[in-house]
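Participant: For reference, the structure I am asking about is given below.
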Amino acid sequence: MMRSKRKEKSEKQLQFLWLKQNSKNRFMFNAKLLGYESDILEISPDRVIHEIEIKRSFSDFKAEKNKVDKFNALPCNYFSYYFSCRELSDKCISLINPKYGIYFHEYNYITCVRKEVIIHDNVMPYEDLLSGVLANSTTHFINRLMNG
């Protein structure tokens, strides 16, 4: 008997699964901050920024890794890769900076392979944060960020 192949989740489905499991902070999807686009941008009330990049293939990972490696000063305090499956995270783990977190999706649940470590502890001023996300944010998000 043949086993049925699991249906691959879309990027949007993976984003909402992340939101569902990590709902304590504010989130933006496909956000741009200081000219750098991220799949998920998580911002705590203390303005700590965690960028999460979703990777669904090895070629997608390699292209993103080259971009991240060239971008010496990430605007985020934490950075993580979120893979669409365990096999992909296993294939990429040795190529990822030890400070970056690694997560994968399996059976509608997110598993942490390696927790992210702080890259820097600079906190972006509200003005810079708001001007950086204003172009692709709603007034509702900004009000929630400012008012907690």
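The values are calculated or read from the model by the stated rules, or taken from the named source; none is laboratory data. Remember, it's a predicted structure, so these values are computed and weren't measured experimentally. Here the Cβ positions follow ideal geometry from the backbone for every residue, glycine too, while neighbour counts run over all protein chains shown.
Participant: How about the stretch 71-96: which of its residues are under 17 Å from H120 (Cα atoms) and either at pLDDT below 85 or not small (G, A, S) (or both)?
Facilitator: First pass over the stretch 71-96, keeping only residues under 17 Å from H120 (Cα atoms): 71-80.
Residues satisfying the conditions are F71, N72, A73, L74, P75, C76, N77, Y78, F79.
Participant: Inside the stretch 108-122, can you point out the residues that are touching a residue at least 40 places away in the same chain (Cβ under 8 Å) and either over 16 Å from the mean Cα position of the chain (by Cα) or not in a loop (DSSP other than H, G, I, E, B) (or both)? It would help to see each step written out before you state the result.
Facilitator: Going through the stretch 108-122, the residues touching a residue at least 40 places away in the same chain (Cβ under 8 Å) turn out to be 108-110, 116, 118-122.
Answer for the stretch 108-122, where residues must be touching a residue at least 40 places away in the same chain (Cβ under 8 Å) and either over 16 Å from the mean Cα position of the chain (by Cα) or not in a loop (DSSP other than H, G, I, E, B) (or both): N108, Y109, I110, H120, D121, N122.
Participant: Could you list, in sequence order, the residues of the stretch 43-64 that are among the charged types (D, E, K, R) and touching a strand residue (DSSP E or B) at 6+ places or on another chain (Cβ under 9 Å)? Before the answer, list the steps.
Facilitator: Start the filter on the stretch 43-64 by keeping residues that are among the charged types (D, E, K, R), which leaves 46-47, 51, 53, 55-56, 60, 62, 64.
Result: E51, E53, K55, R56, D60, E64.
Participant: Restricting to the stretch 86-107, what's the tally of residues that are buried (at least 16 other Cβ atoms within 10 Å of the Cβ), assigned to a loop (DSSP other than H, G, I, E, B) and of a type outside the set (F, W, Y)? Please lay out each step first, then the result.
Facilitator: As a first pass, look at the stretch 86-107 and keep what is buried (at least 16 other Cβ atoms within 10 Å of the Cβ): 88-89, 92, 96, 100-105.
With the extra rule that they be assigned to a loop (DSSP other than H, G, I, E, B), the set shrinks to 96, 100.
Then keep just the ones that are of a type outside the set (F, W, Y); that gives 96.
Total satisfying the criteria: 1.
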